[in-house]
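The values are calculated or read from the model by the stated rules, or taken from the named source; none is laboratory data. Note that the coordinates shown come from a computational prediction; the quantities given were computed from them, not determined experimentally. Cβ: placed from backbone, ideal geometry, glycine included. Neighbour counts: every protein chain shown.
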Amino acid sequence: MDKYQVALTLDKSVSAGHAHELSFDVHTFDGDEVEVEDYLAAKMHLTIIKDDWKQFIHTHPAGVSPAADTSGVMEERQGFRIFPEALAHGDEEVPGVIYEEGTDEVINFHAVFPEAGLYKKFAQFRPKGIDLPPDEALTASFWVEVREATPQQGLSPWWINLLWSLAAIAALSYAVRKYINKKSNLGEAKIP
């Protein structure tokens, strides 16, 4: 992208219906860190469009809550709609930009892909001090394949907790029964 490299890091396997973290890192071709400035009140904007145009997602870095439209759904205009569904995300309460002295500035997003398929991501950003009009930004694009959600292997955490609880109840009942029987051996009747 122009004289910049934009790296996208995300889960190895992206599946529909699950939240995924997408992290962007901007460098020069020499590998120098590039600081980005706010563009329309955020360090970066991310638009995600499914290849069949059935899904449109616009999101801001995690932790950024835009003051603009918060309905999350694009309204129909004059009875015609390009996208059947338009989603807005980015209201999570985790850091959106992670920056520590001497390390990379990484911009994080959270997105849930509603269905499987190919999605193109467009990341808009403005490098600090770039010679662009104030209303313009650079755009990097990436393709990502989203797979069908796979059923969970093994027992869910709920069932595991239930089994541990039942085992703990059985062990505690046995210990209490032994204790009561021991006390009752001193002169009282046994509990069956």
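The table below gives the values:
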quantity: So residue 157, is it of a type outside the set (Gly, Ala, Ser), within 15 Å of residue 40 (Cβ to Cβ) and loosely packed, with under 10 Cβ neighbours inside 10 Å; calculated: no
quantity: Selected residue (only one of 101, 145 is over 15 Å from residue 47 (Cα atoms) and modelled with pLDDT of 90 or more); calculated: 145
quantity: Meets criteria (modelled with pLDDT of 85 or more and either surrounded by fewer than 11 Cβ atoms within 10 Å (Cβ to Cβ) or touching a Gly at 6+ places or on another chain (Cβ under 9 Å) (or both)) for residue 165; calculated: yes
quantity: Residues that are surrounded by 17 or more Cβ atoms within 10 Å (Cβ to Cβ) and hydrophobic (A, V, I, L, M, F, W, C), drawn from region 107-141; calculated: 107, 109, 111, 113, 123, 125, 137, 138, 140
quantity: Residue in region 120-130 that is more than 28 Å from the chain's Cα centre (by Cα), at pLDDT below 90 and closer than 14 Å to residue 35 by Cα present; calculated: yes
quantity: Of the criteria (1) buried (at least 16 other Cβ atoms within 10 Å of the Cβ); (2) under 24 Å from residue 133 (Cβ atoms), which one residue 20 fails; calculated: (2)
quantity: Test: residue in region 53-64 that is among the hydrophobic types (A, V, I, L, M, F, W, C) and over 14 Å from residue 111 (Cα atoms); calculated: yes
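Yes or no, residue by residue, for (1) free of Cβ contacts under 8 Å to residues at least 24 places away in the same chain; (2) closer than 18 Å to residue 112 by Cβ; (3) among the small types (Gly, Ala, Ser):
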{"position": "17", "(1), (2), (3)": "no, yes, yes"}
{"position": "23", "(1), (2), (3)": "no, yes, yes"}
{"position": "26", "(1), (2), (3)": "no, no, no"}
{"position": "34", "(1), (2), (3)": "no, no, no"}
{"position": "46", "(1), (2), (3)": "no, yes, no"}
{"position": "50", "(1), (2), (3)": "no, yes, no"}
